[in-house]
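Colleague: Please read through the structure below; I'll follow up with questions.
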Amino acid sequence: MFWKKKRLQETDPNEKSPKTVKDLIAKLKDYPDFTHFEHRGKYLNCWISFFQSLVNIEFVHRDVFPFLYRDDVRNLNDIQERLPIEKIIRTRDISVIQTKLLEGYIVIQIKKSQAECLVVPSIRVKGRQVEPPEVETSIIGPKESFVESVDTNINLVRKRIPIPQLAMQEFRVGKVSNTRVSLLYLKGIANMENVNTVRQRIEDLEVTSLLDCNMLSQLISDNNNSPFPQFIDTERPDRTAASIYEGKIAVFVDGSPSALILPTTIVEFFGAFDDYFLTWHLASTYRLLRLFAVAISVLAASLYVAVLTYHYQLVPKDLLGTLITSRSSVPFDPIMEALVLEGMIEFLREAGARLPTKVGQTLGVTGGIVIGTASVQAGLTSNVLLIIIAVSALAAFTTPNYRMGTTIRFIRFPFILSAEILGLLGIILCFTFLVCHLLKLTSLGRPYIEPVYPLRVTDWKDAYFRLPYNIQTTRPMFLRPGEAARANRKRNIEKRGKKWTDIDE
């Protein structure tokens with residue numbers, strides 16, 4: 001696994017690290033946005049250093065500089081004790097001083113060559129405001145999504161879990177980027193074996209930079225050679241909070257507008273969080289519909305290729321004439337016809353995703369209509385296969401999770417190639433390999449296709465179906481939570497069993 005690889009070499013072995021504050025200042029003076037000057041007060045002259053692009057200049061001029069003119073400020077002790085700013089650090093450690101300077105702190109020295117400094121936080125916070133989710137859109141329910149600030153994201157989760165049991169651990173990952181990674185879980189509910197596994201994998205990482213939680217997901221996953229995502233990435237604070245309540249772990253990366261939820265199972269990728277705001281009848285129906293759509297997306301084109309290549313006798317007589325007519329002018333074999341259409345669908349999807357929103361929507365609609373119609377009229381493809389490919393592409397987009405949707409579209413191609421080589425037998429063999437791979441796959445060491453294997457009937461109540469809340473009285477078994485019960489079913493039944501009189505009784 002990646003986290004077990006040996007340490008990386010230094011970025012530049014010939015570059016010497018600064019030994020003193022004076023050396024550090026001399027090194028940073030080459031940067032245009034670095035400021036180092038002597039501040040003269042009534043009784044105290046001090047040297048101030050900071051990066052203009054990283055600090056809040058308004059805060060510095062309004063709260064820090066006027067304070068240094070006061071009569072009762074004569075040394076570092078006075079500044080540290082009286083300056084009304086939290087998290088002021090007094091240190092001689094050159095590595096701490098360098099790190100804090102690059103994070104947006106101000107360094108204050110009494111003398112230019114003095115080793116001891118005060119490091120005052122004055123970080124400029126630039127970022128977008130909390131907005132409705134774009135990837136996991138919500139018809140009903142909360143309309144908040146994560147942003148690129150880890151502090152804001154943790155705030156969105158903490159206000160939904162306002163209890164002291166919500167524990168948080170912070171790490172620094174990336175030798176150059178020094179990225180903040182935060183881990184959240186509920187004490188007493190989350191399985192500490194899972195927590196320790198995640199902590200160990202993050203601490204053992206030796207990378208140059210870390211920019212997004214999806215990069216972290218690939219670095220710490222159980223099998224990074226699998227096309228299936230083993231952790232859920234979500235931009236919704238409500239889904240993250242609900243997962244933490246269940247006993248799962250949430251991981252945030254500074255600069256990433258989404259969180260990782262782990263461990264997870266494959267069925268959770270097909271459940272939209274809107275399901276919990278609908279009645280259980282509708283939610284269960286939509287979940288089954290999505291699973292049915294996945295089967296259509298994966299198998300429809302491959303069955304077409306297998307039947308027309310090897311098993312045309314399976315086609316009903318009433319439908320056989322339609323297929324013969326539609327393919328009478330097509331010069332290609334079914335496999336080439338299917339691959340060309342699948343390729344065009346992927347071209348349109350990728351182009352629509354990379355172009356601006358309005359242009360991408362226009363391209364997707366007009367491109368699909370024009371290319372599809374022109375291909376049929378030119379005799380390059382049959383209209384039957386065009387319908388099958390369009391339905392397959394549409395079915396793949398019903399998957400709520402983008403990464404899993406991409407995986408579903410990817411595994412269609414091995415099934416199509418297997419159908420061309422061995423027909424229905426090839427599809428069965430490809431399906432067998434897929435099932436064997438899923439059986440071996442794990443998420444933090446937990447079974448990936450639970451509750452099917454191992455069979456756990458109690459976890460079916462919120463897997464392929466979403467049963468009523470009064471039945472979901474225990475947390476998922478595969479998590480091995482510290483506290484399994486999450487509702488008192490007997491008490492709920494007693495309350496519901498009370499007789500209420502109507503107004504006309």
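Colleague: Hey, what did the stretch 288-447 get for relative contact order, percent, Cα under 8 Å, at least 6 apart?
Modeller: Working: 147 pairs, mean separation 64.5, N = 160.
Computed value for the stretch 288-447: 40 percent relative contact order.
Colleague: Expressed as a whole number of Å, what is the distance separating the alpha-carbon centroids of the stretch 425-451 and the stretch 20-88?
Modeller: 59 Å
Colleague: Pairs of alpha-carbon atoms within less than 8 angstrom and 6+ residues apart define the contacts here; what relative contact order does the stretch 19-153 have, in percent?
Modeller: With pairs under 8 Å counted, the relative contact order is 23 percent.
Colleague: Bin width 10 Å, origin at 0, all Cα-Cα pairs of the stretch 288-447: what percent of pairs per bin?
Modeller: 10, 35, 35, 16, 4, 0
Colleague: Which trypsin sites (Lys or Arg not before Pro) from the stretch 435-479 combine a DSSP loop assignment with at most 10 other Cβ atoms within 10 Å?
Modeller: Answer in residue order: no site qualifies.
Colleague: Could I ask something else about it? State the three equivalent ellipsoid semi-axes of the stretch 100-239, derived from the C-alpha gyration tensor as the square roots of 5 times its eigenvalues, in descending order and whole Å.
Modeller: Largest first, the stretch 100-239 gives 31, 21, 17 Å.
Colleague: What FRET efficiency comes out for residue 473 versus residue 413 if R0 is 41 angstrom and r is the Cβ-Cβ distance? Round to the nearest 0.05.
Modeller: Details: r = 43 Å, r/R0 = 1.06.
About 0.40, to the nearest 0.05.
Colleague: How do 71-81, 247-257 rank on mean C-beta neighbours within 10 Å, highest first? Could you put the intermediate results ahead of the total?
Modeller: Values: 71-81: 14.2, 247-257: 24.4.
In decreasing order of mean packing, 71-81, 247-257 become 247-257, 71-81.
Colleague: If I require 18 Å or longer along the helix axis, counting alpha carbons, and a Kyte-Doolittle average no lower than -0.5, what helices from the chain are left? Use full DSSP H segments.
Modeller: On the way: long enough: 280-309 (43 Å, 1.40); 334-354 (30 Å, 0.53); 357-377 (30 Å, 0.71); 383-396 (20 Å, 2.59); 402-422 (31 Å, 0.72); 424-440 (24 Å, 2.26).
TM-like helix candidates: 280-309, 334-354, 357-377, 383-396, 402-422, 424-440.
Colleague: Further question on the same structure: Between residue 353 and residue 53, what FRET efficiency comes out of the Förster formula 1/(1 + (r/R0)^6) with R0 = 30 Å and r the beta carbon distance, rounded to 0.05?
Modeller: Taking R0 as 30 Å, the efficiency between residue 53 and residue 353 is 0.40.
Colleague: Please go through the residue pairs 27/126; 126/175; 159/440 and name each one whose alpha carbons sit more than 30 Å apart in this structure.
Modeller: In this structure, 159/440 exceed 30 Å between Cα atoms.
Colleague: Just checking my list (1) 1.27; (2) 1.00; (3) 0.94 against Cα Rg over 2.2 N^0.38 Å computed from this structure; which label fits?
Modeller: (1)
Colleague: Also, quick follow-up: Please sort 230-241, 98-109 by packing, taking for each peptide the average over its residues of neighbouring beta carbons within 10 angstrom, highest first.
Modeller: 230-241, 98-109
Colleague: A follow-up question, please. For the stretch 367-492, what log10 I(q)/I(0) values come out of the Debye formula at q = 0.10, 0.12, 0.14, 0.21 1/Å, with one point per alpha carbon and no solvent?
Modeller: For the stretch 367-492 at q = 0.10, 0.12, 0.14, 0.21 Å⁻¹, log10 I(q)/I(0) is -0.55, -0.72, -0.86, -1.30.
Colleague: What is the chain's relative contact order, in percent, from Cα pairs under 8 angstrom and six or more apart in sequence?
Modeller: Taking the mean separation of contacting Cα pairs over the length of the chain, I get 13 percent.
Colleague: Here's something else I'd like to know. Taking 0.36 nm per residue of separation and subtracting the Cα-Cα distance, what length does fully extending residue 437 through residue 424 add? Write out the running numbers ahead of the final one.
Modeller: Details: separation 13, 0.36 × 13 = 4.68 nm, distance 2.00 nm.
Here the answer is 2.7 nm.
Colleague: For the stretch 39-136, what does the alpha-carbon gyration tensor say about shape, rounded, prolate or oblate, given a ≥ b ≥ c as the root eigenvalues, a/c under 1.5 as rounded, and a/b over b/c as prolate? Walk me through the intermediate numbers first.
Modeller: Working: a/c = 2.64, a/b = 1.85, b/c = 1.43.
Prolate, because a/c is 1.5 or more and a/b exceeds b/c.
Colleague: Okay, next question. Roughly how far apart, in whole Å, are the Cα centres of the stretch 190-243 and the stretch 362-415?
Modeller: A separation of 32 Å, based on Cα centres.
Read-outs: derived from the displayed coordinates by stated rules, not from any lab. These figures come from a predicted structure and were not determined experimentally. Note: ideal-geometry Cβ built from the backbone for every residue, glycine included; neighbour counts use all protein chains shown.
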